[in-house]
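Colleague: Quick one: the structure is below, questions incoming.
The values are calculated or read from the model by the stated rules, or taken from the named source; none is laboratory data. As the structure is a computational prediction, the values presented were derived from the model and not from experiment. Every residue, glycine as well, gets a Cβ built from its backbone with ideal geometry; the counts of neighbours run over all protein chains shown. What goes into the accessible areas is simple: the full protein's heavy atoms, side chains included, and nothing from ligands, DNA or RNA. Shrake-Rupley method; radii C 1.70, N 1.55, O 1.52, S 1.80 Å.
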Amino acid sequence: MSVPQLSEAEITQLVQQSFAFACQQRDHFLPRGVALSAVTTDMMRPFFPAEVLASARIVALENERLSNPSFVTALKARGFPISFDMSHIHGAAYFDVVVIQSDVTNRLLFHNLVHLVQHRALGMDGWVGLYVRSMLKVGMAPAVPMEAQAYELDHRFATNPLVGFSVEEEVNSWKVKGRYA
């Protein structure tokens, strides 16, 4: 079965809908967000800019799940092989808000903080545009470049959390090399 083709106008509309969805999610969850604890901030300081750690707000969901934007269901109905379901992911990052819907672990938090750094480097609208376009091509979130980098870096952190490195430098390196496109 061949993958349906979208016009540039349809892709642009999906990007706009995705950005609006991210804004809605951020606004919905921000009032419930809490700052990183001092212990967590100290642990993450060797990896992340102070501004990211200071502005990040964390929401740990209990007895609720994230839901898919309506256009994901519509794309699947049109035959797009997208294996993406918000209710099954462990966490999501929206600008400065990280929503976790499983046990909050240092590695999961790290992964989502990487996305906050990516948002800053690419602009949230740029990040969403690249994510949507990549998802339409590859169909699986782990293969999207922003996810691949976050997984790579969270693995590096989990392997040796005492050896710091600059996530911001890593993100900017990928940006300069065009690895997100």
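Colleague: Condition check: of a type outside the set (Phe, Trp, Tyr), farther than 19 Å from Gln24 by Cα and touching a strand residue (DSSP E or B) at 6+ places or on another chain (Cβ under 6 Å). Does Leu108 satisfy that?
Modeller: Yes; evaluated as a whole, the condition is true for this residue.
Colleague: Out of Ala121, Ala143, Ala93, Ala158, report the one residue that is under 12 Å from the mean Cα position of the chain (by Cα) and at negative phi.
Modeller: Ala93
Colleague: Could you list, in sequence order, all residues of the stretch 136-181 that are in contact (Cβ under 8 Å) with a residue 40 or more places away in the chain and in a helix (DSSP H, G or I)?
Modeller: Hits for the stretch 136-181 are Leu136, Ala141, Tyr151, Leu153, Asp154, Phe157, Ala158, Val167, Glu168, Val171, Asn172, Lys175.
Colleague: Out of the residues in the stretch 123-159 that are modelled with pLDDT under 95 and among the basic types (Lys, Arg), state the one that is farthest from Ala9 (Cα to Cα).
Modeller: Per the criteria, the residue is Lys137.
Colleague: Further question: Go through (1) under 20 Å from the mean Cα position of the chain (by Cα); (2) under 19 Å from Val114 (Cα atoms) and name the single condition Leu61 misses.
Modeller: (2) is the only condition that Leu61 fails.
Colleague: Is it fair to say Arg120 is open to solvent by 20 Å² or more (accessible area, probe 1.4 Å), under 20 Å from Gln25 (Cβ atoms), part of a helix (DSSP H, G or I) and at pLDDT 95 or above?
Modeller: Yes.
Colleague: May I ask you to say which residue of Ser166, Ser173, Ser134 is small (Gly, Ala, Ser) and crowded, with 20+ Cβ neighbours inside 10 Å?
Modeller: Going through Ser166, Ser173, Ser134 in turn, just one is small (Gly, Ala, Ser) and crowded, with 20+ Cβ neighbours inside 10 Å: Ser134.
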